[in-house]
Amino acid sequence: MGEQRTTIDMRVELLKESVVNAPVVWKEGYPYFVHPLSDGVPRQSAELLAAARDLISENVNWDNIDIILGIEAMGIPLAAALCLSSGKPLVVGRKRQYGLPGEVSIDQSTGYSKGEIFLNDIEKGARVLIVDDVVSTGGTLYPVLRGIDECGAIVEDCWIVFEKGEGMANIRKKGDWPLNSLVRIEMQGDKIVLLE
């Protein structure tokens, strides 16, 4: 019998190890892991950001992307890194209204916050790559996906670093957007558990 070999991507292992060892805090009865890619603290290394950037970049068909949409706040560093490596322009889904022509307002509710996100400069027919740090409940991502549809743009691809809980699974039931994540986890109390 032949020996079966599996290739281990050390970048994925780095992301997994970093999240499993992340501190957990409780906010209003909600376990919240604190990670450099999702919170900007503890200190983010270039190696960690590069791992997320490269793993996403290698899986995106850049010929089909017109613009990168990073979601405020922690989607911004990843979107900027992808912008620099791909040469594609980026816009940021902001929590601030600018009143520019064509601005789209999106109601956003997550497990721990409520508010609005504003999309600007996403043209009709534009092929959009969405990037963000974490999806937990889907309370941010789902309205953003619908907002892009409302703009007449196309969600060509979507990458999340950490898929936590059932949020993305619930969004997948509501539409046929291309939703991807690098690492899937769940919280078991204050313990972070990797899912395969």
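Does E166 qualify as being at pLDDT below 95 and among the acidic types (D, E)?
Taking the combined requirement at face value, the residue satisfies it.
Would it be correct to say that D107 is more than 30 Å from S45 (Cβ to Cβ) and either outside any helix (DSSP H, G or I) or within 17 Å of the chain's Cα centre (by Cα) (or both)?
Criteria met by D107.
Return yes or no: is G125 at positive phi, at pLDDT 95 or above and not acidic (D, E)?
In short, yes.
Has the stretch 42-62 got any residue that is more than 16 Å from the chain's Cα centre (by Cα), without any contact (Cβ under 8 Å) to a residue 24 or more places away in the chain, over 23 Å from I8 (Cα atoms) and surrounded by 12 or more Cβ atoms within 10 Å (Cβ to Cβ)?
yes
When W26 is evaluated against the numbered criteria (1) buried (at least 19 other Cβ atoms within 10 Å of the Cβ); (2) among the aromatic types (F, W, Y); (3) over 17 Å from the mean Cα position of the chain (by Cα), which criterion, by number, is the only one it fails?
(1)
Quick one: which helices (runs of 4 or more DSSP H) lie wholly within the stretch 1-85 and hold at least 2 residues that are within 25 Å of G125 (Cα to Cα)?
In the stretch 1-85, 46-57 are the helices (runs of 4 or more DSSP H) which contain 2 or more residues that are within 25 Å of G125 (Cα to Cα).
Inspect all residues belonging to the stretch 165-173 and state whether any of them is of a type in the set (V, I, T), out of contact with any Phe, Trp or Tyr (no Cβ under 7 Å at 6 or more places or on another chain), closer than 27 Å to N64 by Cα and in contact (Cβ under 8 Å) with a residue 12 or more places away in the chain.
Within the stretch 165-173, none of the residues are of a type in the set (V, I, T), out of contact with any Phe, Trp or Tyr (no Cβ under 7 Å at 6 or more places or on another chain), closer than 27 Å to N64 by Cα and in contact (Cβ under 8 Å) with a residue 12 or more places away in the chain.
The values are calculated or read from the model by the stated rules, or taken from the named source; none is laboratory data. Nothing here was measured: the structure is a model prediction, and the numbers come from that model. FYI the Cβ positions are ideal-geometry reconstructions off the backbone, even for glycines, and counts take in every protein chain you see.
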